[in-house]
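Have a look at the structure below before the remarks.
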Amino acid sequence: MALGGVQGRGPRVFLPFRLAWRQLRHEKSRLAAAISGVVFACLLIFMQLGFMTALFESAVQVQKSLHADLFLMHSTTEALWRSTPFPRARLAQALAVPEVERVAPIYVQNVVWRNPKTSLKRTLLLFGVDPTSGVVGFPGLTADGLAAITKPDVILFDARAKPEFGAVSSWLAEGPVVSELGNRRVEVAGLFEIGATFGSEGNALTSEANFWRFVPNHTPAQVNVGAIMLRAGADATAAQAALRHILPDDVMVLTKPELIAFEKTYWANTAPVGFIFGLGVVIGLIVGCVIVYQILFSDISRHIGEYATLKAMGYTNGYLVRVVMGEALILAVLGYVPGWILGLGLYELASARIFIPLTMTVEKSIGVFALIFGMCVVSGLLAIRKLKDANPADMF
Amino acid sequence: MDAVRISGLTHRFGDGETAKPVLHGLDLSVAAGEVVLLTGPSGSGKTTLLTLIGGLRAVQEGSCVVLGTELAGADEATRVAVRRRVGFIFQHHNLLGFLTARQNVAMALEVDARLSEAKRLARADAMLDAVGIGDKARAYPATLSGGQRQRVAIARSLAHEPGLILADEPTAALDARTGHETMELLQRLAKEQHRTVFIVTHDPRIHDIADRIVAMEDGHIIEGAHA
């Protein structure tokens with residue numbers, strides 16, 4: 001009588017649901033098997049989505065730590081690591097908009113770094129900025145570090161770069177680290193923390209002047225990202241519209257959230273990353289669907305005489321459909337709750353052990369519930385075809 | 001008024017050349033409040049006749065008026081409506097295994113959900129008392145004996161005050177004494193509540209409960225078509 005309190009309201013829905021629940025709970029072990037199937041699907045989906053969002057978040061680490069109100073990029077740029085430079089004159093033109101206080105160019109280029117111990121050469125993403133502009137707020141950056149890169153041939157290194165680049169952070173604790181960057185002698189003066197993303201295995205930061213030394217074919221006139229700082233109290237949307245109006249359409253004007261969304265969209269759609277994780281989610285759904293369908297189908301098969309009896313007693317096919325769908329939805333809810341709790345546990349575990357920050361958000365919780373719910377509905381719809389076999393005339 | 005009035009009822013299984021006729025132009029009426037036994041050898045068509053009267057099969061030819069509703073040419077909704085006014089008792093009790101005795105009986109009342117849950121359960125308990133197993137109201141069918149299960153089935157078939165009770169070999173799964181006891185019970189309740197009962201059986205030991213015995217053979221009624 002667990003659901004007894006709701007009686008009276010909508011008996012057309014409530015009574016078949018109660019019958020479904022009574023049927024499910026009557027065989028505890030089968031119910032447990034069905035629920036564990038849903039839990040499994042739930043966990044699989046939570047993990048796929050968790051890793052996907054975590055990797056998307058890591059992919060926009062750089063964008064998130066840029067401090068500016070608006071950004072300019074070449075209109076053919078698809079992603080930061082392979083951005084097309086635009087003429088620096090666009091930044092000067094932007095100054096004509098009254099809301100714009102100042103502008104700062106950011107130069108980005110893939111450059112070959114030599115591991116000083118193994119001599120192995122690997123490509124990292126080098127950022128060139130004016131260290132006094134305050135545009136770059138990479139985590140772990142220090143004022144000393146920013147001061148150091150004004151000296152010639154000095155860079156700051158990504159402490160969370162792939163280990164193949166060398167244990168730069170631990171070497172740095174023992175003394176100066178000297179190696180080659182873009183076939184030029186380089187000294188590492190400090191660290192920051194971004195980590196590998198989809199587009200780069202490691203990152204380095206230096207001043208504009210040093211950037212042009214390491215990347216000689218990249219002229220100061222070729223800007224990859226233009227940072228625009230607005231006056232205090234200025235309306236960013238109005239400024240964005242004004243900039244779009246005066247600037248030629250070889251550049252696009254993005255707010256910071258748009259810049260982040262732009263990069264995520266690239267990885268989700270253009271690159272196969274989104275597809276791979278999406279496939280994982282689909283596989284989870286199919287597995288769950290098959291399990292729930294099997295349970296419902298065999299339930300109907302085993303109770304076919306009882307369903308036929310109900311039909312003989314004057315219950316409509318629609319009523320029995322509601323019973324089966326009720327079972328499906330009860331399984332969805334009963335499987336989702338432990339699935340969510342276990343998912344949260346696995347997220348905590350992953351965050352603590354493998355340093356991939358998986359976060360349980362309201363959106364993700366609702367989204368996964370919707371998927372599980374849909375999965376159970378599909379299973380139920382497939383299974384109710386079996387109800388046709390319940391022919392009351394065969395009961396005699 | 002007659003509870004059942006059949007004329008020229010013909011039924012065949014299969015189509016075209018291979019069609020196998022099972023009922024040949026039957027005429028039969030059952031008066032309200034009558035207890036009628038339908039006997040005959042296996043394959044004589046008596047179960048088919050029962051399923052036609054119960055609205056479980058579409059009428060092919062002839063007329064079959066049950067509780068004032070013509071079933072010839074009736075759609076599924078009409079047949080479902082008739083079924084709700086009929087109480088069925090099956091050969092193998094056909095109780096729902098996942099429901100207790102009182103919940104099983106209450107299922108006969110849930111079908112149109114007009115009564116409150118409390119009234120449904122009160123009626124179910126009263127019916128179980130009437131069939132003499134009020135103390136088993138909260139037992140599951142698996143824990144009941146064959147006779148007790150058939151008593152629950154009788155209680156279920158009577159609970160919604162049906163105009164007609166149809167029973168198919170209700171004693172087949174019971175020993176002679178239990179079978180006779182349960183049929184006597186059914187007859188007594190039917191008479192008390194003025195219910196019409198139509199029982200298909202080839203159990204000669206229960207002939208004494210009937211007001212009238214109708215005999216069938218090869219799809220024809222050979223005896224007792226009219227009282």
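The values are calculated or read from the model by the stated rules, or taken from the named source; none is laboratory data. Only a predicted model underlies this, so the values are computations on that prediction, with no experimental measurement involved. Every residue, glycine among them, receives a Cβ derived from its backbone with ideal geometry; neighbour counts consider all protein chains shown. For accessibility, only protein heavy atoms count, side chains too; no ligands or nucleic acids. Shrake-Rupley method; radii C 1.70, N 1.55, O 1.52, S 1.80 Å.
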> In segment B:115-138, is there at least one residue being in contact (Cβ under 8 Å) with a residue 40 or more places away in the chain, loosely packed, with under 14 Cβ neighbours inside 10 Å and more than 28 Å from A:V13 (Cα to Cα)?
Replying inline: no
>> Just to verify a result, which residue in segment B:160-203, among those that are more than 23 Å from A:A312 (Cβ to Cβ), free of Cβ contacts under 8 Å to residues at least 60 places away in the same chain and outside any loop (DSSP other than H, G, I, E, B), is most open to solvent (accessible area, probe 1.4 Å)?
In response: B:R177
> For segment B:102-114, how many residues are surrounded by 22 or more Cβ atoms within 10 Å (Cβ to Cβ) and within 16 Å of B:G55 (Cβ to Cβ)?
Replying inline: 1
> How many residues does segment A:170-186 contain that are touching a residue at least 12 places away in the same chain (Cβ under 8 Å), surrounded by fewer than 16 Cβ atoms within 10 Å (Cβ to Cβ) and on the phi < 0 side of the Ramachandran plot?
Replying inline: 4
> Among helices (runs of 4 or more DSSP H) lying entirely in segment A:1-120, which contain 1 or more residues that are within 14 Å of chain B (Cβ to nearest Cβ), of a type outside the set (A, V, I, L, M) and under 30 Å from A:G288 (Cα atoms)?
Replying inline: A:11-26, A:28-59
> Does A:I286 satisfy being in the same structural domain as A:R30 (by TED's automatic domain parsing) and open to solvent by 20 Å² or more (accessible area, probe 1.4 Å)?
Replying inline: yes
> Restricting to segment B:61-101, what's the tally of residues that are away from every other protein chain (no Cβ under 13 Å), closer than 20 Å to B:T48 by Cβ and open to solvent by 40 Å² or more (accessible area, probe 1.4 Å)?
Replying inline: 3
> Would you say B:G33 is under 19 Å from the mean Cα position of the chain (by Cα), surrounded by fewer than 18 Cβ atoms within 10 Å (Cβ to Cβ) and not in a strand (DSSP E or B)?
Replying inline: yes
> Out of (1) within 30 Å of A:F369 (Cα to Cα); (2) free of Cβ contacts under 8 Å to residues at least 12 places away in the same chain, the odd one out for A:A92 is which?
Replying inline: (1)
> Of the residues that make up segment B:130-148, is at least one in contact with an Asp or Glu (Cβ under 9 Å, 6 or more places away or on another chain) and in a loop (DSSP other than H, G, I, E, B)?
Replying inline: yes
> Within segment A:214-251, which residues are within 30 Å of A:G182 (Cα to Cα) and open to solvent by 20 Å² or more (accessible area, probe 1.4 Å)?
Replying inline: A:P216, A:N217, A:T219, A:P220, A:A221, A:Q222, A:D250
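Residue by residue, here is whether (1) under 36 Å from the mean Cα position of the chain (by Cα); (2) more than 14 Å from chain B (Cβ to nearest Cβ); (3) within 22 Å of A:M375 (Cβ to Cβ); (4) part of a helix (DSSP H, G or I) holds:
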residue: A:F275; (1), (2), (3), (4): yes, yes, yes, yes
residue: A:G278; (1), (2), (3), (4): yes, yes, yes, yes
residue: A:I283; (1), (2), (3), (4): yes, yes, yes, yes
residue: A:Y293; (1), (2), (3), (4): yes, yes, yes, yes
residue: A:S298; (1), (2), (3), (4): no, yes, yes, yes
residue: A:G318; (1), (2), (3), (4): no, no, no, yes
residue: A:V323; (1), (2), (3), (4): no, no, yes, yes
residue: A:L331; (1), (2), (3), (4): yes, yes, yes, yes
residue: A:G335; (1), (2), (3), (4): yes, yes, yes, yes
